[in-house]
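Below is one structure, written out as structure tokens; the observations come after it.
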Amino acid sequence: MKSAIIVFPGTNRERDMAIALEKASGTAPFMVWHKDSEIPDVDLIVVPGGFSYGDYLRAGAMAAHSPVLRSLKEKANKGTPVMGVCNGFQVLTETGLLPGVLMRNAGLKFICRNVGMKVETSQSLFTGGYEDGQVLSIPVAHNDGNYFADSETLDRIEQNGQVAFRYVDDDGAMTEAGNPNGSARNIAGVFNKEKTVLGFMPHPENAIDSAVGGTDGRGLFDGLVRALS
């Protein structure tokens with residue numbers, strides 16, 4: 001599986017993501033600078049976490065207008081799988097590739113801890129390494145992870161099966177206590193309608209080694225390799 005990672009000023013999880021991708025696939029990803037005009041022909045494009053452009057204006061808003069994003073949108077519209085994690089999720093909503101927006105956390109505080117994340121569907125190239133309803137423990141680290149969309153949009157993405165992950169509590173229940181940032185309907189991640197673009201806030205690249213807290217993120221990367229190799 002060949003992959004590429006988009007890097008912006010302020011990105012800080014590209015190396016973690018590269019390690020996770022290379023560990024799963026055996027192939028180091030391309031690093032693509034935000035001022036580049038083209039992305040190599042790859043099987044997967046990743047927009048990683050961090051604070052692109054210092055989160056000025058809105059998180060992800062400036063990155064959404066970087067030169068490389070024209071190439072990303074063209075490839076995404078032609079079916080190349082794209083995954084955005086944390087700041088990458090924010091960027092993908094700002095480009096319009098995914099519905100909704102990411103706002104300040106409801107508690108107005110930066111959150112950095114493991115959270116419960118339930119897999120809503122295994123029927124996608126991104127989530128094929130998991131079971132429907134499987135509950136994962138994955139770290140989050142964000143200030144603007146509060147997913148919001150109007151009721152009509154939320155109903156539509158529910159009906160289309162576009163909710164990829166939800167926040168849950170220690171018992172695996174979708175409760176207010178299990179929602180770390182106030183996201184609508186406990187949504188932690190969403191697909192586009194075709195399920196070729198995925199964005200979510202938790203960091204699976206930081207959950208691939210038991211020595212640093214857990215391995216629940218491995219299923220995502222292993223599933224991607226099986227689906228795209």
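The values are calculated or read from the model by the stated rules, or taken from the named source; none is laboratory data. Values in this document were obtained by computation on a predicted structure and should not be read as measured data. Cβ coordinates were reconstructed from backbone atoms using ideal geometry, including for glycine residues, and neighbour counts include every protein chain displayed. Note: areas computed on protein heavy atoms with side chains; ligands, DNA, RNA excluded. Shrake-Rupley method; radii C 1.70, N 1.55, O 1.52, S 1.80 Å.
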Spatially close lysines, pair count over the range 32-170: Cα under 25 Å, gap of eight or more or interchain: 4
In Å², what does the accessible area per residue of the chain work out to with a 1.4 Å probe? 43
Given labels modelled 7 Å from the Cα in the Cβ direction, how far is it in nm from residue 175 to residue 229? 4.0
What length, rounded to one decimal in nm, is gained on full extension from residue 194 through to residue 215, with 0.36 nm per residue of separation minus their alpha-carbon distance? 4.7 nm
In nm, give the distance between the simple-model label positions of residue 137 and residue 160, each being 7 Å from the Cα along the Cα-to-Cβ direction. 3.5
For the range 104-205: relative contact order, % (alpha-carbon pairs under 8 angstrom, 6 or more apart): 32
Return the percentage of antiparallel bridges among DSSP beta bridges fully within the chain, rounded to the nearest 5 %. 60
Neighbour cut-off at most 12 other Cβ (10 Å), DSSP loop, trypsin sites (Lys or Arg not before Pro), the range 1-60: 35
List the trypsin sites (Lys or Arg not before Pro) within the range 166-213 that DSSP assigns to loop and that have no more than 15 neighbouring Cβ atoms inside 10 Å. 193
Of all accessible heavy-atom area on the chain, the percent that carbon and sulfur account for (1.4 Å): 47
Whole Å is fine, so just give me how far the alpha carbon centre of the range 184-210 lies from that of the range 116-152. 5
At q = 0.12, 0.15 Å⁻¹, base-10 log of I(q)/I(0) for the chain (Debye sum, equal scatterers on each alpha carbon): -0.56, -0.93
Under a Cβ-Cβ cut-off of 15 Å, what is the net charge of the residues other than residue 64 that fall near it, where Lys and Arg count +1 and Asp and Glu count -1? 0
How big is the charge dipole of the range 11-96 about its Cα centre, in debye rounded to the nearest 20, if each Lys and Arg gets +1 on its Cβ and each Asp and Glu gets -1 on its Cβ? 140
What FRET efficiency, computed as 1/(1 + (r/R0)^6) with R0 = 22 Å and r the Cβ-Cβ distance, is obtained for residue 56 and residue 33, rounded to the nearest 0.05? 0.70
Residue 53 neighbourhood, Cβ < 14 Å, K/R = +1, D/E = -1, net charge -1
For residue 2 and residue 77, what is the calculated FRET efficiency with R₀ set at 22 Å and r taken between the beta-carbons, to the nearest 0.05? 0.70
